[in-house]
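Written below as structure tokens is the structure these notes are about.
The values are calculated or read from the model by the stated rules, or taken from the named source; none is laboratory data. The structure displayed is predicted, hence computed values, not measured ones. Cβ: placed from backbone, ideal geometry, glycine included. Neighbour counts: every protein chain shown. Areas reflect the complete protein model, heavy atoms only, side chains present, ligands, DNA and RNA absent. Shrake-Rupley method; radii C 1.70, N 1.55, O 1.52, S 1.80 Å.
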Amino acid sequence: MGFDESQQSDPLVVIRNGKEIILQAFNWESHKHDWWRNLDMKVPDIAKSGITTAWLPPVCHSLAPEGYLPQNLYSLNSSYGSEDLLNALLDKLKQYKVRGMADIVINHRVGTTQGHGGIYNRYDGIPMSWDEHAITSCTGGRGNKSTGDNFNGFPNIDHTQSFVRKDLIDWMRWLRSSVGFQDFRFDFAKGYASKYVKEYIEGAKPIFAVGEYWDTCNYKGSNLDYNQDSHRQRIINWIDGAGQLSTAFDFTTKAILQEAVKGEFWRLRDSKGKPPGVLGWWPSRAVTFIDNHDTGSTQAHWPFPSHHVMEGYAYILTHPGIPSVFYDHFYEWDNSMHDQIVKLIAIRRNQGIHSRSSIRIIEAQSNLYAATIDEKVSMKIGDGSWCPAGKEWTLATSGHRYAVWQK
């Protein structure tokens, strides 16, 4: 299949450009629905909507159908479909100039045979046939202590071992050059030191990368603190550790935005007058989102209030950062939501809004948030009334509790 070598291999080129719009192209139930075929039919619409990257679920053989308990990383027959169907899908995405993003699950790996301590921590009989030394001592292996948090119940990969890193880089290069993925998403990035992510990106050269560094926000009881600076700083430290080569999901913005829409829009302006998430400090590395397969879908660990989802998209699709749209909102909730999101994407693209666009927050009170982006787009969310001053502004789109104007 191969990829087009003319696509720049410096991951910073695309990050500097800042024009990405990501679609998370699955949810927690997708493995039940002949997924590669389903997505294949949607590629023309994905491309026409202005999406630049489609994040696919984990493509490798896994003990759990969702793909997050990998075993044979070189087997591409999964519950989402056959290797042939995956190849066809990736070909079609390329044909429509949408990049495929691989979900890189390398914090843990389920063994094939029992080894040290009676645990399934050996990988006999499959490619990358590691022994117990590839597994951290904290999760029953003979390797070193983990460099991050443990994913409990399964053997965690010891990234301090050079043979492990070499095998993983070879595998990621194969995903890039043979399978045809162009972008990477690093699953459970809290599980191992971000310096290894830097090494993997330098080794495999994805065009764009994003890490899932999901950390607990600051709460007083069940109330979210106004100040989440220490939370966003931890995400920024992870990005720094990854050599600034990767972006990260902006969990800080997700946390604050889903409280703000309940009538606490004052949360959306920090003490310095800036947006309060990662996008307020390092927007070129912040991937903003409303929900994903863990927070939403049928798992619903931390869902965005359902009646306010379009207010959420009106925020992330007009603001700096790199917005990501969730499959359920785009294709499963109702057709009008799909079309409203497409309109917001079109405004973003037509006005040239990008990850580092300037932002001026004009209102942030309990029932109203308003801002102007690049002095070209103005927006409001909440049930307070507001519109930008001046005849040069025209209403570009509006819906339940949101409106967007452009010049």
Residue among Asp383, Asp334, Asp328, Asp374 that alone is surrounded by fewer than 21 Cβ atoms within 10 Å (Cβ to Cβ) and either touching a helix residue (DSSP H, G or I) at 6+ places or on another chain (Cβ under 9 Å) or closer than 26 Å to Ala209 by Cα (or both): Asp374
Residues located in region 14-48, provided they are polar (S, T, N, Q) and more than 23 Å from Pro283 (Cα to Cα): Asn27, Ser30, Asn38
Within region 171-230, tally of residues that are more than 21 Å from Leu73 (Cβ to Cβ), hydroxyl-bearing (Ser, Thr, Tyr), open to solvent by 50 Å² or more (accessible area, probe 1.4 Å) and modelled with pLDDT of 95 or more: 4
Residue check for Ser385: within 22 Å of Gly263 (Cα to Cα) and out of contact with any strand residue (DSSP E or B) (no Cβ under 6 Å at 6 or more places or on another chain): yes
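Based on this model, can you work out whether Ile322 counts as crowded, with 24+ Cβ neighbours inside 10 Å, among the β-branched types (Val, Ile, Thr) and closer than 22 Å to Lys376 by Cβ?
yes
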Identity of the residue in region 108-166, touching a residue at least 24 places away in the same chain (Cβ under 8 Å) and of a type in the set (Asp, Glu), that ends up surrounded by the most Cβ atoms within 10 Å (Cβ to Cβ): Asp158
Failed criterion for Gln340 (all others in (1) in contact (Cβ under 8 Å) with a residue 60 or more places away in the chain; (2) farther than 22 Å from Thr252 by Cβ; (3) among the polar types (S, T, N, Q) hold): (1)
Top-ranked residue of region 43-86 - restricted to ones that are touching a helix residue (DSSP H, G or I) at 6+ places or on another chain (Cβ under 7 Å) and assigned to a helix (DSSP H, G or I), ranked as surrounded by the fewest Cβ atoms within 10 Å (Cβ to Cβ): Leu85
Unmet criterion (only one of (1) more than 18 Å from the chain's Cα centre (by Cα); (2) under 21 Å from Phe249 (Cα atoms); (3) modelled with pLDDT of 95 or more; (4) among the β-branched types (Val, Ile, Thr)) for Val43: (2)
Failed criterion for Arg176 (all others in (1) free of Cβ contacts under 8 Å to residues at least 40 places away in the same chain; (2) out of contact with any Asp or Glu (no Cβ under 8 Å at 6 or more places or on another chain); (3) of a type in the set (Lys, Arg) hold): (1)
Selected residue (criterion: farthest from the chain's Cα centre (by Cα)) from residues of region 293-307 that are open to solvent by 50 Å² or more (accessible area, probe 1.4 Å) and more than 20 Å from Ser30 (Cα to Cα): His307
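Looking at region 263-273, can you tell me whether even one residue there is within 24 Å of Ala189 (Cα to Cα) and open to solvent by less than 20 Å² (accessible area, probe 1.4 Å)?
No - not one qualifying residue is present in region 263-273.
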Options Asp131, Asp149: the member that is under 20 Å from the mean Cα position of the chain (by Cα), modelled with pLDDT of 95 or more and farther than 30 Å from Tyr96 by Cβ: Asp149
Count of residues meeting criterion [of a type outside the set (Val, Ile, Thr), touching a strand residue (DSSP E or B) at 6+ places or on another chain (Cβ under 7 Å) and open to solvent by less than 30 Å² (accessible area, probe 1.4 Å)] in region 337-350: 1
So Tyr369, is it aromatic (Phe, Trp, Tyr) and assigned to a strand (DSSP E or B): yes
Tally, over region 16-39, of residues that are modelled with pLDDT of 95 or more, surrounded by fewer than 16 Cβ atoms within 10 Å (Cβ to Cβ) and under 18 Å from the mean Cα position of the chain (by Cα): 1
